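The structure's right below; bear with me while I get my questions together.
The numbers here are math on the coordinates, done by the rules we state, and not lab data. Quick caveat: nothing in here was measured; it's all calculated off a predicted structure. Cβ atoms come from the backbone with ideal geometry, glycine included; neighbour counts cover every protein chain shown.
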Amino acid sequence: MSRITCECGHVNPEGTVLCEACGKPFEENQHLNDNKPEQLLNMRYDGSARRSQTYQRTVIDKVWNFFSSVKIGVSIIILIVVASAVGTVFPQEMYLPPGSDPTTHYEEQYGMLGQIYYQLGFHNLYSSWWYLLLLAMLGVSIVIASIDRFIPLYKTLKKQKPKRHVNFMKKQRIFGETNSADIDYTKLKKNLKSKRYKVFEEDGHLLAEKNRFSRWGPYVNHIGLITVLIGSMLRFVPAMYMDEFLWVREGETKEIAGTEGEYYIENEDFILETYDAESESNSQFQESLQNQANPVPENYQTNAIIYKRTDLPIVPGKEPELEKVREAQAKVNHPIQLENGITLYQASYQLNEFQSMSFKLHDKGDEDTNYGEFTVDLTEPQDEYTLEDGTVIRIDRYYPEFELDDGVPKQVSKFPRNPAFIFEVTRPGEETEVSFAGIGVNIDATGENDYKVGLVDFGVRDVTGLTVKKDYTLPIIAVGAAIFMIGVIQGMYWNHRRIWIQPKESGAWVAGHTNKNWFALKKDIDLTLEGTGIESPVDQQEEKDKRERRKDDGISTD
Amino acid sequence: MSEKTVNKKKKRLLFRTVLLLIMLSLITFAVVSALQGDNETVAVGETAPNFSLKKFGSDETVELKDFRGKGVMINFWATYCEPCKDEMPYMEELYPEYKEKGIEILAVNLDTTDIVVRQFMEEYQLTFPILQDKDGQVMNLYGIKPIPATFFINPDGTVEEKVIGPLTLSKLEGHLQDIAPSS
């Protein structure tokens with residue numbers, strides 16, 4: 001637990017690998033960067049002291065150090081990737097066919113594996129608590145690991161001095177010694193500046209540096225990631241994000257979901273237009289249109305009226321008093337925007353739902369006879385219909401959507417998808433007859449009827465499906481993504497390059513370091529050294545690799 | 001150790017603690033809201049949300065909060081729901097007795113056409129009030145998915161019990177006894 005005082009006089013924090021000022025490798029800490037004697041220096045984080053490697057006092061420190069580890073971070077990422085992949089093996093719960101029961105569906109469809117899948121909660125993976133926890137841990141890991149590396153690196157680069165320790169110089173990858181009394185330092189400095197290096201000087205020792213900011217790229221990038229994570233987390237706040245679905249029949253007025261009953265929408269008309277292949281204006285599509293067996297839709301549109309509720313406070317279920325706000329059209333890509341940030345998107349439709357049915361009463365054996373017609377409004381059928389000749393037709397039973405269950409009609413939903421009626425027909429002075437009529441069915445209950453209630457026509461209406469959305473998190477996510485990209489660009493397109501030059505009695509030493517693109521650094525060095533009397537340094541890594549390759553090939557140079 | 005070092009370490013610990021706490025609270029918030037999103041229904045013990053619905057066959061509207069002091073059974077049903085047909089006679093059977101004891105039955109109907117409800121009421125001879133929720137607003141408010149679904153509300157307005165699926169006569173009677181006002 002002690003600070004390290006270097007021979008150059010600089011006091012370094014505990015755990016420092018290379019002196020912040022002069023770069024001297026501290027022997028006792030070389031293992032932290034896996035440095036070995038006789039090898040080049042590992043310049044990771046510039047040899048700065050990562051506090052996490054040395055502080056182990058309180059629980060807080062232990063938690064901190066856990067998340068600071070890159071190994072832990074990578075492990076979390078691997079876990080997330082594996083879990084996400086497993087989540088795609090069987091369908092997620094929300095994509096099961098409507099009406100299926102997840103408790104049995106997985107086992108029935110996929111057997112044992114399906115059952116295990118369901119039991120372990122993979123059927124709802126992406127909103128399960130442990131998946132969210134993994135994502136959260138990744139977020140924490142990113143924050144802590146970044147702080148733990150950025151701050152020491154920033155401080156070290158700020159405190160670095162031009163005068164470097166002998167061992168630092170010698171153990172740089174780019175290093176060269178020149179024995180010459182005739183060295184032109186003025187020209188050297190001029191050359192460095194013309195290559196846009198910042199030149200620092202201390203007792204004749206030079207440090208030329210450029211593009212230090214590119215070292216911050218990864219940290220900027222992580223700020224972007226965190227912003228995206230926070231943005232997506234805000235989707236849990238109802239005030240920030242909402243995603244609902246609304247079916248509205250033509251002529252119907254419905255509460256807009258998510259507005260707390262404040263707004264209502266009336267569907268005046270749903271329009272589905274298809275491309276007319278004959279039309280002049282579509283001549284450019286003619287060929288493709290002719291290749292299609294079915295008409296190609298051109299426009300899906302809901303003509304709607306938006307209402308605002310005026311009887312406040314709102315009591316759910318109470319008949320609302322509505323005030324028209326405006327008329328609006330929802331088309332694909334042209335949604336209706338409400339004042340409170342809610343947007344209605346044209347998302348789906350159902351055509352031709354039955355709205356009314358017209359019947360005529362005629363003799364059972366002769367369809368050409370006509371004792372009168374009547375029309376039943378399927379949304380609100382009357383109890384009785386009286387024909388002109390005084391015949392009373394009473395609806396004994398109405399089935400909006402009927403199915404035959406063992407020969408007995410049964411109602412399965414409230415929507416008029418397959419409407420049917422039991423009529424009691426009473427002609428003046430005659431006995432009451434019972435008949436059953438629907439779409440494509442007409443049953444004489446007793447078999448002794450004289451009359452038949454025949455379907456002559458039906459009216460239909462369309463249903464529009466609207467997505468009701470509110471999303472204030474998108475701008476935050478977009479900003480996060482932009483920051484992310486800035487970070488990537490910053491770290492990718494610029495390289496942090498440093499060149500050290502030390503005057504020696506017999507000549508001069510040169511060393512160089514960069515975080516990437518060594519070729520360009522060497523080119524920079526060669527160009528700046530031109531005409532200064534200093535020889536080009538060598539790439540010690542490359543030399544070593546070459547020697548090793550030769551050894552492998554069995555060629556001896558000695 | 002110099003005083004400066006000690007101070008620095010104290011500051012560092014404080015910084016780490018604060019940051020970890022902030023992140024922990026954010027995570028807790030996210031996980032809790034994610035888990036709540038699935039079942040945002042009315043839970044047992046909570047106050048039953050107020051609503052106002054038209055009573056079938058009249059112009060009268062019924063508001064839940066007017067029943068404070070009485071036990072209330074809210075039953076969500078529809079004419080096309082087969083199990084509802086089984087439990088309706090039980091409700092009808094017990095209604096007169098428990099109305100005496102200060103319990104009201106509100107049967108919230110989810111059909112859209114009046115005629116089917118009227119025919120159903122005639123067939124089953126129902127005498128307790130039927131409320132109409134044609135738009136399903138109250139159904140959404142109570143987070144009802146499968147029907148029948150029944151809520152038993154205490155005289156103080158809190159939910160005593162919630163039953164998804166049909167009730168038997170004895171179960172129904174037991175729940176009604178639970179919400180009877182003590183007098």
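Going by how many other beta carbons lie within 10 Å of each one, how would you line up A:129, A:500, A:216, fewest first? All intermediate terms of the calculation are to be shown ahead of the outcome.
On the way: A:129 14, A:500 24, A:216 17.
With the fewest neighbours first, A:129, A:500, A:216 line up as A:129, A:216, A:500.
Then there's this: What per residue convex hull volume, in Å³, comes out for the stretch A:233-300 when only alpha-carbon positions are used?
Each residue corresponds to 173 Å³ of Cα convex hull volume.
Here's something else I'd like to know. In the protein assembly as shown, what % of DSSP beta bridges are antiparallel (nearest 5)? The partial results should precede the final answer.
Values: 127 of 139 bridges.
Roughly 90 percent of the beta bridges in the protein assembly as shown run antiparallel, per DSSP.
Summing -39500 (n - 2.57) over the DSSP H runs of n ≥ 4 in chain B and dividing by its residue number, what mean residue ellipticity at 222 nm do you reach, to the nearest 500 deg cm²/dmol? Please list the in-between numbers first.
Details: 5 runs with 80 residues, N = 183.
For chain B, the value works out to -14500 deg cm²/dmol.
Ranked by Cβ crowding within 10 angstrom, fewest neighbours first, how are B:15, B:56, A:359 ordered?
B:15, B:56, A:359
Among A:166, A:488, which comes first, second and so on when ranked by fewest other beta-carbon atoms within 10 Å?
The order, fewest Cβ neighbours first, is A:166, A:488.
Okay, moving on. Below 8 Å, C-alpha to C-alpha, sequence gap of six or more: please give me the relative contact order for chain A in percent. Display every interim value, and only then the final one.
Details: 993 pairs, mean separation 99.4, N = 558.
So the answer I get is 18 percent.
Compute the Cα gyration tensor for the stretch A:375-434, then decide on rounded, prolate or oblate, letting a ≥ b ≥ c be the square roots of its eigenvalues: rounded whenever a/c is under 1.5, prolate when a/b is larger than b/c in the other cases, and oblate in all that remain. All intermediate terms of the calculation are to be shown ahead of the outcome.
Numbers: a/c = 4.07, a/b = 1.69, b/c = 2.41.
Since a/c reaches 1.5 but b/c is at least a/b, the shape of the stretch A:375-434 is classed as oblate.
Another question, if that's okay. For the stretch A:99-171 and the stretch A:302-338, what is the separation of their C-alpha centers, rounded to whole Å?
Comparing the Cα centres of the stretch A:99-171 and the stretch A:302-338, I get a distance of 44 Å.
Can you list the lysines whose alpha carbon sits under 23 Å from that of residue A:364, skipping same-chain ones fewer than 8 residues off?
Within reach: A:452.
Once phi is turned into θ = phi - 60°, what whole-Hz ³J(HN,Hα) does the Karplus curve with 6.51, -1.76 and 1.60 give for every residue of the stretch A:78-85, x standing for Gly and Pro?
Once θ is set to phi - 60°, the couplings for the stretch A:78-85 become 4, 4, 4, 4, 5, 4, 4, 5 Hz.
Further question: Can you work out ³J(HN,Hα) from phi for every residue in the stretch A:370-377, in order, using Karplus 6.51 cos²θ - 1.76 cosθ + 1.60 and θ = phi - 60°, giving whole Hz and x for Gly and Pro?
For the stretch A:370-377, the Karplus-derived couplings read 8, 9, x, 10, 8, 10, 9, 7 Hz, x marking Gly and Pro.
Averaging sequence separations of C-alpha pairs under 8 Å and six or more residues apart, then dividing by the length of chain B, give the relative contact order as a whole percent.
Working: 267 pairs, mean separation 51.9, N = 183.
Rounded, it is 28 percent for chain B.
Go through the stretch B:81-90 residue by residue and turn each phi into a ³J(HN,Hα) via Karplus (6.51, -1.76, 1.60, θ = phi - 60°); whole Hz please, and just put x for glycine and proline.
Result, ordered by residue: 9, 4, x, 4, 5, 6, 8, 4, x, 5 Hz.
Another question about this same structure. For chain B, what is the charge dipole size about the Cα centre, in debye to the nearest 20, if Lys and Arg each add +1 at the Cβ and Asp and Glu each add -1 at the Cβ?
Here chain B has a charge dipole of around 2200 debye.
Could you give the radius of gyration (one decimal) and Dmax (whole number) of the Cα atoms in chain A, in Å?
40.3, 136
Separate question: Other chains' Cβ within 10 Å of B:114-120 residues: what's the mean?
Mean shielding count: 5.
What does the structure give for A:57-64 when I average, per residue, the other chain Cβ atoms found within 10 Å of the residue Cβ? The partial results should precede the final answer.
Values: counts 2, 3, 2, 10, 5, 0, 4, 7.
For this peptide, the per-residue mean of nearby foreign Cβ atoms is 4.
Please check chain A for the longest run free of trypsin sites (Lys or Arg not before Pro) that are loop-located per DSSP (anything but H, G, I, E, B) and have at most 12 other Cβ atoms within 10 Å.
A:197-558
While we're here: Rounded to the nearest 500 deg cm²/dmol, what is the calculated helix-only ellipticity per residue at 222 nm for chain A, with -39500 (n - 2.57) per DSSP H run of length n ≥ 4?
When only DSSP H runs of four or more count, the value is -9500 deg cm²/dmol.
Give the shape of the stretch B:1-97 as rounded, prolate or oblate, defined through the alpha-carbon gyration tensor: a ≥ b ≥ c are the square roots of its eigenvalues, a/c under 1.5 means rounded, and otherwise the shape is prolate if a/b is larger than b/c and oblate if not.
Values: a/c = 4.79, a/b = 3.66, b/c = 1.31.
Prolate.
Summarise the partner chain shielding of B:19-32 as one whole number: the mean count of Cβ atoms from other chains within 10 Å of each residue's Cβ.
Whole-number average of other-chain Cβ neighbours for B:19-32 is 5.
At a Förster radius of 45 Å, what calculated FRET efficiency corresponds to the Cβ-Cβ distance of residue A:486 and residue A:284, to the nearest 0.05?
Efficiency, from the Cβ-Cβ distance: 0.60.
Still on this model: Within the stretch B:115-145, list the residues whose amide N lies under 11 Å from a label point set 7 Å along Cα→Cβ of residue B:46.
Taking a point 7 Å out along Cα→Cβ of residue B:46, the residues of the stretch B:115-145 whose backbone N falls under 11 Å are B:141-144.
Still on this structure: Output needed: percent of Cα pairs per 10 Å distance bin for the stretch A:361-463, bins running from 0 to the one holding the longest distance.
Computed distribution, short to long bins: 14, 49, 31, 6, 0.
Okay, moving on. For every other residue with a beta carbon closer than 15 angstrom to the beta carbon of residue B:169, add +1 if it is Lys or Arg and -1 if Asp or Glu, then tell me the sum.
Charge balance in the 15 Å sphere: -4.
Once you order the gyration tensor axes a ≥ b ≥ c over the Cα atoms, which shape class does chain B get: rounded for a/c under 1.5, otherwise prolate or oblate by comparing a/b with b/c?
On the way: a/c = 3.50, a/b = 2.72, b/c = 1.29.
Cα axes put chain B in the prolate bin.
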